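Engineer: Questions regarding the structure given below will be posed in turn.
The values are calculated or read from the model by the stated rules, or taken from the named source; none is laboratory data. Not measured: the values here are computed from a predicted model. Here the Cβ positions follow ideal geometry from the backbone for every residue, glycine too, while neighbour counts run over all protein chains shown. What goes into the accessible areas is simple: the full protein's heavy atoms, side chains included, and nothing from ligands, DNA or RNA. Shrake-Rupley method; radii C 1.70, N 1.55, O 1.52, S 1.80 Å.
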Amino acid sequence: MHDFKYRERDLYCEDVLIQDIAEEVGTPFYLYSYNTLRNHFLVFDEAFKDIPHMICFAMKANSNLSILRIFLREGGGLDIVSGGELYRALLAGADPQKIVYAGVGKTREEIRYGLESDILMFNVESSQELFLIDKVAEDLGCKARVALRVNPDIDPMTHPYISTGLKTHKFGIDIKNALKEYKLAESLEYIEIVGIHKHIGSQITQTSPFVEALKKIILLAKSLKEEGIDIRYLNLGGGLGITYKDETPPHPRDLAAEVIPLLSGTDYTIIFEPGRVIVGNAGILVTKVLYTKFGEGKGFLIVDAGMNDMIRPSLYNSYQEILPLKRDTTSHKIVVDVVGPICESGDFFAKDRVLPDLKRDQLIVLMSAGAYGFTMSSNYNSRPRVPEVLVKGKEFFMIRKRESYEDLVKGEEIPEFLYL
Ligand code: LLP
């Protein structure tokens with residue numbers, strides 16, 4: 001469900017004509033629907049209302065401060081993966097007691113920042129990290145709350161770059177060694193064990209990998225109890241998929257229907273870290289056709305957004321639906337590669353896509369661009385990053401302005417000798 005719909009011939013976001021926004025802010029730009037974002041969060045939250053739970057939005061999917069605030073205002077927490085995300089989280093007004101921190105490579109400084117901010121817990125991914133957290137906590141004279149991120153060796157059946165829960169992946173602690181690692185954690189004076197964490201991958205379109213992984217961590221929690229280690233939180237990570245093309249991922253309610261019975265008779269607080277399922281279909285990228293080019297057996301639409309603005313098709317060969325801002329009323333179609341201005345053949349949004357007969361200056365949108373869109377964008381080819389706009393009802397708000405050329409060189413310095 002989302003709020004990008006045609007009325008007559010024109011594409012709207014909620015009650016705003018997208019063309020009007022384009023005229024005011026120029027292209028390209030990311031556009032988000034407040035209503036969709038809030039609804040997606042509430043639907044997920046509602047699905048688990050019968051059990052104690054906390055939704056910690058995975059802000060790597062979208063870390064715009066205004067977007068974070070939408071979820072924070074509804075009682076959400078945040079899943080972070082760096083000191084920079086912690087900074088954003090606190091700036092957006094997150095309650096530190098609802099922040100969980102994962103990642104295989106936390107630095108000493110980042111750990112210190114997390115402890116000083118009194119975040120709810122670190123999801124620890126190795127014994128060396130555990131020792132370091134213990135040491136930093138000792139220096140600060142506090143206790144560090146931790147969950148161990150276990151790797152349950154489950155195939156999430158998704159793209160290899162975004163699957164994380166197999167033992168061949170760099171993530172987490174092999175579930176077979178988990179008990180030993182928990183005992184180690186227990187022996188450390190400045191560590192307080194509060195949970196178990198797992199996250200097996202992203203864009204998962206079935207419930208079975210979640211169910212299998214949960215069964216394994218419930219068993220682990222039982223063995224921990226037998227060893228006298230009581231935990232309060234089970235963190236099931238993120239990963240629920242969305243429809244980009246014809247996928248039929250489970251609704252959060254379907255997931256809940258399978259997860260909740262497995263937890264009966266327990267009183268754990270369940271943490272979820274959804275990212276894509278909340279923001280993915282709540283955002284689009286609006287771009288303009290700069291040129292069309294038809295050669296021998298190949299046609300191109302060259303648009304003003306590039307792989308630096310949205311890298312998913314280049315990196316994962318992901319499918320993003322492409323729609324014209326003005327609905328086509330003729331039946332004439334073209335088959336084209338939709339490409340950007342970047343100097344790389346990998347700079348494409350679609351290959352051999354059947355589209356209406358689009359001409360120069362017409363606007364198109366890349367659907368399902370709200371997750372891992374702007375957050376993965378860069379300044380490659382010295383292109384300023386694009387603005388982000390939020391629609392609420394009949395109004396729209398600039399929630400990040402377009403970068404300027406000055407922004408591009410911010411922080412650079414030319415040493416004296418190079419002027420000689
Ligand atoms: N929790 C942890 C520890 C994670 O590593 C991730 C995503 C999530 C939660 C959120 O997963 P989600 O609900 O969004 O699937 N750039 C890729 C996706 C990378 C996902 C990385 N980790 C893409 O564009 O498909």
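Engineer: Taking the stretch 261-293 on its own, how many of its residues are under 14 Å from ASP45 (Cβ atoms) and not in a loop (DSSP other than H, G, I, E, B)? Steps first, answer last, please.
Structural biologist: Filtering the stretch 261-293 down to residues under 14 Å from ASP45 (Cβ atoms) leaves 269-274, 277-278.
Applying the additional criterion that residues be not in a loop (DSSP other than H, G, I, E, B) yields 269-272, 277-278.
Total meeting the criteria: 6.
Engineer: For the stretch 326-335, does any single residue satisfy the condition of being open to solvent by 60 Å² or more (accessible area, probe 1.4 Å), under 26 Å from SER202 (Cα atoms) and outside the structural domain of ALA92 (by TED's automatic domain parsing)?
Structural biologist: No; the residues of the stretch 326-335 include none that is open to solvent by 60 Å² or more (accessible area, probe 1.4 Å), under 26 Å from SER202 (Cα atoms) and outside the structural domain of ALA92 (by TED's automatic domain parsing).
Engineer: Here's another thing I want to ask about it. Please enumerate the residues belonging to the stretch 156-177 that are away from the ligand (no atom under 15 Å from the Cβ) and at pLDDT 80 or above.
Structural biologist: Answer for the stretch 156-177, where residues must be away from the ligand (no atom under 15 Å from the Cβ) and at pLDDT 80 or above: ASP174, ILE175, LYS176, ASN177.
Engineer: Test of understanding: among LYS245, LYS176, LYS215, LYS167, which residue is exposed (fewer than 14 other Cβ atoms within 10 Å of the Cβ) and under 19 Å from the mean Cα position of the chain (by Cα)?
Structural biologist: LYS245
Engineer: What's the number of the condition GLU129 fails, among (1) buried (at least 22 other Cβ atoms within 10 Å of the Cβ); (2) not in a loop (DSSP other than H, G, I, E, B)?
Structural biologist: Tallying (1) buried (at least 22 other Cβ atoms within 10 Å of the Cβ); (2) not in a loop (DSSP other than H, G, I, E, B), GLU129 fails exactly one: (1).
Engineer: While we're looking at this one, here's another question. Of everything in the stretch 56-85, what is within 11 Å of the ligand (Cβ to nearest atom) and hydrophobic (A, V, I, L, M, F, W, C)? Give them in sequence order. Give the steps one after another, and end with the answer.
Structural biologist: Let us first name the residues in the stretch 56-85 that are within 11 Å of the ligand (Cβ to nearest atom), namely 56-62, 78-81.
Of everything in the stretch 56-85, those that are within 11 Å of the ligand (Cβ to nearest atom) and hydrophobic (A, V, I, L, M, F, W, C) turn out to be CYS56, PHE57, ALA58, MET59, ALA61, LEU78, ILE80, VAL81.
Engineer: Answer with yes or no whether TYR190 is among the hydroxyl-bearing types (Ser, Thr, Tyr), within 23 Å of ARG112 (Cβ to Cβ) and either touching a residue at least 24 places away in the same chain (Cβ under 8 Å) or touching a helix residue (DSSP H, G or I) at 6+ places or on another chain (Cβ under 6 Å) (or both).
Structural biologist: Details: among the hydroxyl-bearing types (Ser, Thr, Tyr): yes; within 23 Å of ARG112 (Cβ to Cβ): yes; either touching a residue at least 24 places away in the same chain (Cβ under 8 Å) or touching a helix residue (DSSP H, G or I) at 6+ places or on another chain (Cβ under 6 Å) (or both): yes.
Against the criterion (among the hydroxyl-bearing types (Ser, Thr, Tyr), within 23 Å of ARG112 (Cβ to Cβ) and either touching a residue at least 24 places away in the same chain (Cβ under 8 Å) or touching a helix residue (DSSP H, G or I) at 6+ places or on another chain (Cβ under 6 Å) (or both)), TYR190 qualifies.
Engineer: Which residues, taken from the stretch 64-95, are in a loop (DSSP other than H, G, I, E, B), aliphatic (A, V, I, L, M) and open to solvent by less than 50 Å² (accessible area, probe 1.4 Å)?
Structural biologist: If the condition is that a residue be in a loop (DSSP other than H, G, I, E, B), aliphatic (A, V, I, L, M) and open to solvent by less than 50 Å² (accessible area, probe 1.4 Å), then ALA92, ALA94 are the ones that fit.
Engineer: Step by step: first the residues of the stretch 136-155, then only those that are assigned to a loop (DSSP other than H, G, I, E, B) and among the hydrophobic types (A, V, I, L, M, F, W, C), then the one that is nearest to the ligand (Cβ to nearest atom). Which residue is that?
Structural biologist: Initially, the stretch 136-155 is screened for residues assigned to a loop (DSSP other than H, G, I, E, B), giving 141-143, 152-155.
Keeping just the survivors that are among the hydrophobic types (A, V, I, L, M, F, W, C) gives 142, 154.
Details: CYS142: 24, ILE154: 15 Å.
The selected residue is ILE154.
Engineer: A follow-up question, please. Output the residue which, of all residues in the stretch 384-408 that are in contact with a Ser or Thr (Cβ under 9 Å, 6 or more places away or on another chain) and more than 25 Å from SER33 (Cα to Cα), is surrounded by the fewest Cβ atoms within 10 Å (Cβ to Cβ). If you could, list the steps in order and put the result at the bottom.
Structural biologist: To start, the set of residues in the stretch 384-408 that are in contact with a Ser or Thr (Cβ under 9 Å, 6 or more places away or on another chain) comprises 384-386, 388, 390-392, 397, 399-400, 405, 408.
If we keep only those that are more than 25 Å from SER33 (Cα to Cα) too, we end up with 405, 408.
Details: TYR405: 8, LEU408: 13.
Out of the qualifying residues, it is TYR405.
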